[in-house]
1. Kindly provide the set of residues from region 65-79 that are closer than 24 Å to residue 127 by Cα and either touching a strand residue (DSSP E or B) at 6+ places or on another chain (Cβ under 8 Å) or modelled with pLDDT under 95 (or both), ordered by number.
2. State which residue is nearest to the chain's Cα centre (by Cα) when the search covers only region 40-63 and only residues that are farther than 18 Å from residue 179 by Cα and part of a helix (DSSP H, G or I).
3. Within region 123-150, how many residues turn out to be free of Cβ contacts under 8 Å to residues at least 60 places away in the same chain, more than 13 Å from the chain's Cα centre (by Cα) and surrounded by 15 or more Cβ atoms within 10 Å (Cβ to Cβ)?
4. Check 111, 162 and return the single one that is touching a residue at least 12 places away in the same chain (Cβ under 8 Å), surrounded by 18 or more Cβ atoms within 10 Å (Cβ to Cβ) and closer than 29 Å to residue 22 by Cβ.
5. Only one of (1) over 27 Å from residue 148 (Cβ atoms); (2) not in a strand (DSSP E or B) fails for residue 133. Which number is that?
6. Being surrounded by 15 or more Cβ atoms within 10 Å (Cβ to Cβ), within 15 Å of the chain's Cα centre (by Cα) and farther than 21 Å from residue 120 by Cβ: is that true of residue 15 here?
7. Kindly list the number of the only condition in (1) out of contact with any helix residue (DSSP H, G or I) (no Cβ under 7 Å at 6 or more places or on another chain); (2) touching a residue at least 24 places away in the same chain (Cβ under 8 Å) that fails for residue 76.
């Protein structure tokens, strides 16, 4: 268990050291250097995330142009924060442009698509701040999945507010991600 003073601020390099020294901890770093402790998910959320990742992975393999990351992958965003979306997608050419060291560490970029999957313990406003940060740091598309209400917030680049969808059965990513369609029923039914 980590006990850190609330005034502590870390650089991305210091954050990487803390993570290496505490591999069991689930952590993120805010843009102001604040350490964010996260809880492991429960069984239902983990199963939903697996259903999501399997669909993203199948699409990425069939297109051949994309790389998919799970919730344990952290990204060093342009604002200096280090975030771990529940699922994310990156164009393969962007991944291949990274050095080996950048790929082995926290890749210094924002994924093209980020997905956050709300769990019962999550505060929706905290997730919305996270989605806004992804958008501000270059994500082209973000999905906030809200299984408790079977709702989705779609965050797109260049928009001020998310589009709110009530009880959709599927999500289409649009022309920026050709052919990407998520069957939400496979996620909601868990």
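The values are calculated or read from the model by the stated rules, or taken from the named source; none is laboratory data. On a predicted model such as this, the values are computed, not experimentally measured, just so you know. Virtual Cβ from ideal backbone geometry, glycine too; neighbours counted across all protein chains shown.
1. Those that are closer than 24 Å to residue 127 by Cα and either touching a strand residue (DSSP E or B) at 6+ places or on another chain (Cβ under 8 Å) or modelled with pLDDT under 95 (or both): 67, 68, 69, 70, 71, 72, 73, 74, 75, 76, 77.
2. Of all residues in region 40-63, those farther than 18 Å from residue 179 by Cα come to 40-50.
Then keep just the ones that are part of a helix (DSSP H, G or I); that gives 43-50.
Numbers: 43: 19, 44: 18, 45: 14, 46: 14, 47: 16, 48: 14, 49: 11, 50: 14 Å.
So, considering only residues that are farther than 18 Å from residue 179 by Cα and part of a helix (DSSP H, G or I), the one nearest to the chain's Cα centre (by Cα) is 49.
3. Counting residues in region 123-150 that are free of Cβ contacts under 8 Å to residues at least 60 places away in the same chain, more than 13 Å from the chain's Cα centre (by Cα) and surrounded by 15 or more Cβ atoms within 10 Å (Cβ to Cβ) gives 2.
4. Going through 111, 162 in turn, the sole match is 111.
5. (1)
6. no
7. (1)
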